[in-house]
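**Student:** This structure is in structure tokens; I'll ask about it shortly.
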Amino acid sequence: MQVIINSKDQNSRLDIIQDVATKLITSQFFVWTCLVLLISHKNWKRPIIILMVFHWIFRSIGDMLEACLTLFEQKDPRWPFSNEAWLYSYGVASIFWFSSEIIGDWYLFIRTKALVKKHKIKWVFITCLLYNIVKIFQMYVFLSYVPFSKGYNNDDPNHGDQYVLDMATHKYYKWIDVGLQQIFSVAYDITVIIALKNNVFNKLNSKNFNDQNGKTFLQKFKLISEYRIYLSIIVTLIGAPFIFGFCYEVIYLRNKAYSFGEHEKLKYLGDNVNDMVIDPIRVRILNFNYIFMYIDQIMLRFYVEKNIESKKNSSRNTSKGSFSYHMIQYDYKSNDKIEHPPKSIYDQSNFIDHVNMLNYDKPNVTEHPNMTYYDKPYIIDNNKITYTNNKYYNNNHI
């Protein structure tokens, strides 16, 4: 019987190791990264492509470390089973998870910088920087959490109580930080919207770029990546009330619990401090933005290639006086178009072409993501924890 048990344990460990080893290719960003590399194979060393690759690699490494949790010695039957298991799986993984997010967060800034004068995006830079600093603090929250602060003495009647209180405290600080992240995320998005509205969208409108000239919103969405950026921002703003609402609830519940007796406090925290519903919403919103950066680059690449080809074909059949991209001058140091470009570039279709070419060809353009990590599902109930099957843990709900 012992041989059978040992054999099952060995097979389980092999399954876990296999799961860890395949995280790079099972990542939801793997396919998108491959697509971007495929269509950019002639120029894959561009900084924006390298940043996208690093975003995928860092995210995958974090997922690999998280999957290693059950490979560590289990000193306690309750998740995460030991302090070492938490530190070297979730703790270290948080460094890679949030680093991946930070890489992605600069996408909007770099995309905006490619279109707007440098001195007009100061607040975009400041809010993005503050947003990243708050995420760095979240790394500390994960690394400093000690699940079993009183050790593993299950004979101690207060041992289970302390475990629940420590977990509730960890969730409290985690969601305080998430709330701050959301504040700076919204501020960042608003500064981007203002910069684009004042310097891109108004210019498009001034060229009479409207549906009456044959360009529907869907066509604009396909042709002009700034419309895709707008969609990403709108999705983030839609999710903001849910995140803020739960953050307020966590703060309110924890402060209210102090007025209860010890047993009532534990039961109250166990019944109410549970983020299994809200955390997947937060994760999906962030992942939408990160996947969006890959889609944006793919669509932009296809449009530019198609447009260049059509321009080459048309140049063979038109006179020397016809429009050409060589007529557009661009100062790469100041990010400004010439003061008085040839009149022909002001026609609607050429204006779109010009905007997109600046977007795509600028060598320091990058993507926006926003990963967030997943946390283990658990439900605090007094001093007991109910777990899902260990094999199917994911990091959505801490």
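**Student:** Testing residue 80 on (1) in a helix (DSSP H, G or I); (2) of a type outside the set (Asp, Glu); (3) closer than 30 Å to residue 156 by Cβ, one condition comes back false. Which one is that?
**Tutor:** In the conditions (1) in a helix (DSSP H, G or I); (2) of a type outside the set (Asp, Glu); (3) closer than 30 Å to residue 156 by Cβ, residue 80 misses (1) alone.
**Student:** Being surrounded by 19 or more Cβ atoms within 10 Å (Cβ to Cβ) and modelled with pLDDT of 85 or more is the filter here, so list the residues in region 114-129 that pass it.
**Tutor:** Across region 114-129, the qualifying residues are 121, 124, 127, 128.
**Student:** When you scan region 105-124, how many residues do you find that are closer than 14 Å to residue 189 by Cβ and assigned to a helix (DSSP H, G or I)?
**Tutor:** 9
Let's see how each residue does on (1) modelled with pLDDT of 90 or more; (2) over 24 Å from the mean Cα position of the chain (by Cα); (3) surrounded by fewer than 20 Cβ atoms within 10 Å (Cβ to Cβ):
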{"residue": "173", "(1), (2), (3)": "yes, no, yes"}
{"residue": "184", "(1), (2), (3)": "yes, no, no"}
{"residue": "192", "(1), (2), (3)": "no, no, no"}
{"residue": "196", "(1), (2), (3)": "no, no, no"}
{"residue": "215", "(1), (2), (3)": "no, yes, yes"}
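**Student:** Could you check region 130-152 and list, in sequence order, the residues that are outside any helix (DSSP H, G or I) and surrounded by 14 or more Cβ atoms within 10 Å (Cβ to Cβ)?
**Tutor:** Hits for region 130-152 are 145, 147, 148, 150, 152.
**Student:** With the structure loaded, tell me whether residue 112 is farther than 14 Å from residue 297 by Cβ and without any contact (Cβ under 8 Å) to a residue 12 or more places away in the chain or whether it fails that test.
**Tutor:** Judged against the criteria, residue 112 is not a match.
**Student:** Name every residue in region 93-107 that is free of Cβ contacts under 8 Å to residues at least 40 places away in the same chain and either surrounded by fewer than 19 Cβ atoms within 10 Å (Cβ to Cβ) or closer than 20 Å to residue 19 by Cβ (or both), in order of residue number.
**Tutor:** Across region 93-107, the qualifying residue is only 96.
**Student:** Could you check region 260-302 and list, in sequence order, the residues that are assigned to a loop (DSSP other than H, G, I, E, B) and modelled with pLDDT of 75 or more?
**Tutor:** Listed by number, the residues that qualify are 274, 275, 276, 277.
**Student:** Just for region 49-85: of the residues that are among the aliphatic types (A, V, I, L, M) and out of contact with any helix residue (DSSP H, G or I) (no Cβ under 7 Å at 6 or more places or on another chain), which one is surrounded by the most Cβ atoms within 10 Å (Cβ to Cβ)?
**Tutor:** 57
**Student:** Give the residues of region 30-51 that are assigned to a loop (DSSP other than H, G, I, E, B) and touching a Leu at 6+ places or on another chain (Cβ under 7 Å), sorted by residue number.
**Tutor:** 44
The values are calculated or read from the model by the stated rules, or taken from the named source; none is laboratory data. As the structure is a prediction and not an experimental result, all values here were calculated from the model. Note that each Cβ is placed from the backbone with ideal geometry, even for glycine, and that neighbours are counted across all protein chains shown.
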